[in-house]
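Inspection log for the structure reproduced underneath, given as structure tokens.
All of the numbers you see were taken from the coordinates with simple rules; none came from a lab. All values reported here derive from a predicted model rather than from experimental measurement. Reconstructed Cβ throughout: ideal geometry from the backbone, glycine too, with neighbour counts over all protein chains shown.
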Amino acid sequence: MNTLQKQIIELKKKHNVAILAHYYVEGEIKEIADYIGDSYYLSKLATTISEDIIVMCGVMFMGESVKILNPAKTVILPNTDADCPMAHMATVESVNEIRAKYDDVAVVCYINSTAELKAVSDVCVTSANAVKVVKALPNKYIYFIPDQNLGAYVSEMVPEKEFIFNQGFCPVHHNIFPKDIENARSEHPDALVLMHPECRPPIVAMADYVGSTSGIINYATESDADSFIICTEKGVIYDLEKKNPDKKFYPLKDDFICCNMKKITLENVYDSLISLENNINVPDEQRECSLKPLARMLELAK
Ligand code: 13P
Ligand code: SF4
């Protein structure tokens, strides 16, 4: 452990802090985190944390979700510039238009969204539980926001529903092309291709396995295969190698990186524990409205 990590551990004890980290943040942050996981795990966990302060090492929607689910706690995002662009790629106006047009519609909101969008939605989903949650809804029509690619993947898995798509996308996963998969497969012909459903449908069709970050980790851990091409943010490779020291993991591309997640650094985690600033606040009314779809997700995904 380096000096900064040791200082963070001391500050954590002093202020009664729990540090949560998404798989996509740097390994040196995951080394000092109390909990590491995907969006579903972290949101479930958020309701159970007993420490006074929660430091969320991830992007803004993750900090907001923790605050919505556990409002009595101080929730700190070490760098409030760490934001997911896709979280803003739908509008309240479009939700109102779709509600006016379709009677039997559920607005299904990927957790990668602002609190404002969650507040006008019927249920939230993460990539780990979207299929299960959507299947459990009574509605015929599904308006899936903001991610068109996760929406398309879920619609394939739940053909009994009619989907209306929104045009949002993850700039990191959307930017993968058939040539990237072909190149990686020819370089590592024995490796299985494991992919996040935020990739575009023609790319998803080229994968051996499609799932959330925790799904990818579980699949690789349980698989008899010993090498894998990882088609999601490179940070996950740290966790894959830790769990599977005898297996080989190749990133699809060296620049498969979410620069927003990487805005969380050891330095700003330390600074935030000194200043105890960068607190996340969600206005009361918005919090009450956005808690409903998050709580419904946790219930339906059980
Ligand atoms: P998970 O739901 O797998 O944690 O993914 C979150 C995310 O931001 C993917 O880009
Ligand atoms: Fe958002 Fe994409 Fe980064 Fe995930 S990888 S946080 S969806 S920009």
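List of remarks:
- Taking max minus min of the alpha-carbon positions on each principal axis, the range 184-234 gives extents of 26, 25, 19 Å, largest first.
- P(r) weight above 15 Å for the range 65-130, C-alpha pairs, percent: 60
- Label-point separation, Phe177 to Lys247 (7 Å along Cα→Cβ), nm: 3.0
- Residue with peak Gaussian network fluctuation, the chain [Cα springs, cutoff 10 Å], from Asp147, Asp208, Asp224: Asp224
- Here the gap between Ser227 and Asn279, fully extended at 0.36 nm per residue and compared with their Cα-Cα distance, gives a gain of 14.6 nm.
- Shown here is the pair-distance distribution of the range 1-120: with all Cα-Cα distances grouped in 10 Å bins from zero up to the longest one, the shares run 13, 40, 28, 13, 5, 1 percent.
- Packing, taken as the mean count of other beta carbons within 10 Å per residue, orders the peptides 132-138, 190-196 from highest to lowest as 190-196, 132-138.
- Note on the chain: GNM, Cα springs under 10 Å; of Ala205, Ala46, Ala128, the largest mean-square fluctuation is that of Ala205.
- Proportion of all alpha-carbon pairs of the chain beyond 36 Å (%): 16
- Counting only DSSP H runs of at least 4 residues, each contributing -39500 (n - 2.57), and dividing by the residue count of the chain, the helix-based mean residue ellipticity at 222 nm comes to -12000 deg cm²/dmol.
- Debye log10 I(q)/I(0) for the range 236-296, one point scatterer per Cα, at q = 0.12, 0.25, 0.26 Å⁻¹: -0.65, -0.99, -1.02
- Where GluC sites (Glu not before Pro) fall in DSSP loop in the range 108-189, at most 14 other Cβ within 10 Å: Glu160
- The count of lysine pairs in the range 156-302 with alpha-carbon distances below 15 Å, taking only pairs 8 or more places apart or on different chains, stands at 6.
- The three principal axes of the C-alpha atoms in the range 42-99 carry coordinate ranges of 42, 24, 15 Å, sorted with the longest axis first.
- Highest-fluctuation residue, Pro197, Pro78, Pro283 considered, GNM on the chain with Cα pairs under 10 Å: Pro283
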